[in-house]
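Below is one structure, written out as structure tokens; comments come after it.
The values are calculated or read from the model by the stated rules, or taken from the named source; none is laboratory data. These numbers come from a predicted model, not from an experiment. Neighbour counts run over all protein chains shown; Cβ positions are idealised from the backbone, glycine included. Heavy atoms of the whole protein, side chains included, go into the accessibility calculation; ligands, DNA and RNA do not. Shrake-Rupley method; radii C 1.70, N 1.55, O 1.52, S 1.80 Å.
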Amino acid sequence: GGIITQTPKFLIGQEGQKLTLKCQQNFNHDTMYWYRQDSGKGLRLIYYSITENDLQKGDLSEGYDASREKKSSFSLTVTSAQKNEMAVFLCASSIRDTLYFGAGTRLSVL
Amino acid sequence: GDQVEQSPSALSLHEGTGSALRCNFTTTMRAVQWFQQNSRGSLINLFYLASGTKENGRLKSTFNSKESYSTLHIRDAQLEDSGTYFCAAEGFYNQGKLIFGQGTKLSIKP
């Protein structure tokens, strides 16, 4: 079986800081996703990528950049962290439309 | 844009009983997935449906694309079924873009 590894598990940043979250999958899946989940709420799509070097914006892409330089990895950058921001960022990959999620990166901004 | 409306937002069941969760879609969707998010925040894929009904143990899901809804039935609920259940759907014109509902928080009581 495969696994999706997100690093770091916890990320504490300062207001205005640029922060990068990483995601690796060994499923050999084509499509990868970044979602944001705020406490007690659903998942909102930030970016997704259907193949290496492809990027597609989701509904929440403003304030974020993404990079898919290899099939197995998909990184997300928060371009300027917002004060008191707290959320979980979830990476996922899919093949034949079934989604598999990583454990998440929990972001807190001081 | 495409919307996924999930109900109820919260549900409490006694062990051994059952109920149904529902997602309504504002446009015609190509497929739907159901996920369980456990207390640790991990998202587990339960079903992927492009049409019809699937069953797995005490869970059964139906997707009616024509009438734009999907349901998840739970029978003989167990304590470990507690968690938040999400549906996610993909439209015909946005390949790979899954839209999530807001979730149903399910609590199972002894």
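Restricting attention to the stretch B:63-80, the residues that are without any contact (Cβ under 8 Å) to a residue 60 or more places away in the chain and either within 12 Å of chain A (Cβ to nearest Cβ) or surrounded by 19 or more Cβ atoms within 10 Å (Cβ to Cβ) (or both) total 4.
Being under 22 Å from B:Asn45 (Cα atoms), at pLDDT below 95, surrounded by fewer than 21 Cβ atoms within 10 Å (Cβ to Cβ) and more than 15 Å from the chain's Cα centre (by Cα) is a property that holds for A:Gly1. The residue pairs whose first member lies in the stretch B:6-32 and is over 30 Å from B:Tyr93 (Cβ atoms), whose second member is acidic (Asp, Glu) and at pLDDT 95 or above, and whose beta carbons are closer than 6 Å, counting only pairs six or more residues apart or on different chains, are B:Gly16/B:Asp76. None of B:Arg22, B:Arg30 is basic (Lys, Arg) and touching an Asp or Glu at 6+ places or on another chain (Cβ under 8 Å) except B:Arg30. What residue, among those in the stretch A:57-102 that are open to solvent by 60 Å² or more (accessible area, probe 1.4 Å) and closer than 30 Å to B:Ala50 by Cα, is farthest from the other protein chains (Cβ to nearest Cβ)? The selected residue is A:Lys70. Here is the figure for the stretch A:32-51: residues that are at the interface with chain B (Cβ under 8 Å from one of its Cβ atoms) and of a type in the set (D, E, K, R) total 2. In the set A:Ala92, A:Ala66, only one residue is farther than 13 Å from B:Leu43 by Cα and either assigned to a strand (DSSP E or B) or of a type in the set (A, V, I, L, M) (or both); that residue is A:Ala66. For first residues located in the stretch B:42-55 and farther than 14 Å from B:Leu72 by Cα and facing chain A (nearest Cβ under 10 Å), partners that are polar (S, T, N, Q) and outside any loop (DSSP other than H, G, I, E, B) and lie 6+ apart or on another chain with Cβ distances below 8 Å form the pairs B:Leu43/B:Gln36; B:Leu43/B:Gln37; B:Ile44/B:Gln36; B:Ile44/B:Gln37.
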